[in-house]
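Asker: This is the structure I want to talk about, given as structure tokens.
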Amino acid sequence: MYEILEKKILCPQIKEIVLDTPAIAQKAQAGQFIVIRIDEKGERIPLTVADYDREKGTMTVIFQEAGKTTQQLGALNKGDFIMDVAGPMGIPSSVEKVGTVVCVGGGVGSAALYILLKAFKKAGNKTVAIIGAKTKEFLFWEEKIKSVGSEMFITTDDGSCGRKGFVTEELESFIKKEKCDLIFAVGPVVMMNAVCRVSEPYKIKTIVSLNSIMVDATGMCGACRVEVGGETKFACVDGPDFDGHKVNFQLLLQRQKMYLTEEKTILDMGKTNEERECRCNNE
Ligand code: NAD
Ligand code: FES
């Protein structure tokens, strides 16, 4: 059993919890995720590691209440327990000194940015953060992210904070005026695809963290398969980071849509949540 040591409501439906996970906290690195199961009847859901404290033995995750399990998780409070926490999973992000690294976070995907920027900064890079959300109410951790970024830019779809528009517009403006050696994008698939389309003509290496559908998260079921450079890869064990310019985003988007349609059909048929184990990564 793993205790919830802290809980914060960051934005509408977006919550942060700090978990007492000493063994996982010792090993967790930027880019990795954990898989949790709230109770014995619960489904497994993957969540991105947002932060960790090796001394305190804690790990922080941020999630959006998007379905039954994340709503159940959001209803838990400080002092409550989660039955299973497995991890850290996935291959850690490759962090080297390359020059200027721009990390782009969209919506709840920005949760992954703090430890990523921190790692790149520690490796001696100039770190730039671009975070985007629908409105200013959906922004979180701005100060924390700013503390590990040499520069930070904010965009909101409605212009209620920072530049009005998408993160991709801010990224293109940055690329046009400054040197950029590596781009990291974490967020909705459409956003990661759009980031890759912006960076491609400039030939800037772009890594995306793929939130494909996951079931077992151990490389056994194949649910998270993605096509990268014409080869089939499993996001849970081969990723979640991949070279964005090689990812077949059309296929990924199709698979996500298919899953959502199937999920709706299954629910319409009156099956219980336990009967469908799939869940999109990092809700
Ligand atoms: P959202 O729909 O509110 O979008 C957030 C931002 O992304 C927008 O403000 C915009 O700047 C950008 N964006 C969206 N669509 C775009 C487009 N077509 N072109 C360019 N930019 C675009 O995001 P949300 O509802 O918070 O969803 C966040 C997503 O992040 C979820 O799908 C979640 O699964 C994913 N996520 C991924 C990871 C990961 O590791 N890959 C981690 C956490 C969350
Ligand atoms: Fe089953 Fe990746 S989630 S192989």
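Asker: Within the set of pairs 6 or more residues apart or between chains, which connect a residue that is within 20 Å of Val95 (Cα to Cα) and among the small types (Gly, Ala, Ser) inside the stretch 226-241 to a residue that is within 14 Å of ligand 2 (Cβ to nearest atom) and assigned to a strand (DSSP E or B) with Cβ atoms less than 8 Å apart?
Answerer: Ala235/Met214; Ala235/Arg225; Ala235/Val226; Ala235/Phe242; Gly239/Val226; Gly239/Lys233
Asker: Taking into account only those residues within the stretch 56-83 that are small (Gly, Ala, Ser) and within 20 Å of Phe138 (Cα to Cα), which is surrounded by the most Cβ atoms within 10 Å (Cβ to Cβ)? Working first, answer last.
Answerer: Here is the first cut: in the stretch 56-83, the ones small (Gly, Ala, Ser) are 57, 66-67, 74-75, 79.
Pick out the ones that are also within 20 Å of Phe138 (Cα to Cα) and you get 66-67, 74-75.
On the way: Ala66: 16, Gly67: 16, Gly74: 18, Ala75: 11.
Looking at the filtered set, the residue picked out is Gly74.
Asker: On the basis of being assigned to a loop (DSSP other than H, G, I, E, B), at negative phi and within 12 Å of ligand 1 (Cβ to nearest atom), does Asn211 make the cut? Give the derivation first.
Answerer: Numbers: assigned to a loop (DSSP other than H, G, I, E, B): yes; at negative phi: yes; within 12 Å of ligand 1 (Cβ to nearest atom): yes.
When the stated conditions are applied, Asn211 passes them.
Asker: Go through Val195, Val148 for me and flag whichever is at negative phi, assigned to a loop (DSSP other than H, G, I, E, B) and either modelled with pLDDT of 95 or more or more than 12 Å from ligand 1 (Cβ to nearest atom) (or both).
Answerer: Val148
Asker: Here is a further query. If a residue must be in a helix (DSSP H, G or I), of a type in the set (A, V, I, L, M) and either within 17 Å of the chain's Cα centre (by Cα) or modelled with pLDDT of 90 or more (or both), how many such residues does the stretch 239-262 contain? Walk me through how you get there before you give the answer.
Answerer: If we filter the stretch 239-262 for residues that are in a helix (DSSP H, G or I), which is where we start, we get 244-246, 249-262.
Going one step further and asking which of them are of a type in the set (A, V, I, L, M), we end up with 251-253, 258, 260.
Filter once more, so that each one left must be either within 17 Å of the chain's Cα centre (by Cα) or modelled with pLDDT of 90 or more (or both): 251-253.
Adding up the residues that qualify gives 3.
Asker: For the stretch 198-208, how many residues meet the condition of being more than 27 Å from Met89 (Cα to Cα) and within 15 Å of ligand 1 (Cβ to nearest atom)? Walk me through it before giving the result.
Answerer: Keep residues of the stretch 198-208 that are more than 27 Å from Met89 (Cα to Cα), which gives 198-204.
In the following step, the residues that additionally are within 15 Å of ligand 1 (Cβ to nearest atom) were identified as 198-200.
Residues in the stretch 198-208 being more than 27 Å from Met89 (Cα to Cα) and within 15 Å of ligand 1 (Cβ to nearest atom): 3 in total.
Asker: Next question, about the same structure. Which ones in the stretch 198-225 are at pLDDT 95 or above, of a type outside the set (Phe, Trp, Tyr) and farther than 19 Å from Ala86 by Cβ?
Answerer: Just the residues of the stretch 198-225 that are at pLDDT 95 or above, to begin with: 198-209.
Filter again for of a type outside the set (Phe, Trp, Tyr), leaving 198-201, 203-209.
Scanning the stretch 198-225 gives Val198, Ser199, Glu200, Pro201, Lys203, Ile204, Lys205, Thr206, Ile207, Val208.
Asker: Pick out, from the stretch 46-143, the strands (runs of 3 or more DSSP E) lying fully within it that include 1 or more residues that are among the aromatic types (Phe, Trp, Tyr).
Answerer: 58-64
The values are calculated or read from the model by the stated rules, or taken from the named source; none is laboratory data. These numbers come from a predicted model, not from an experiment. Methodologically, a virtual Cβ is constructed for each residue, glycine included, from the backbone with ideal geometry; neighbour enumeration extends over all protein chains shown.
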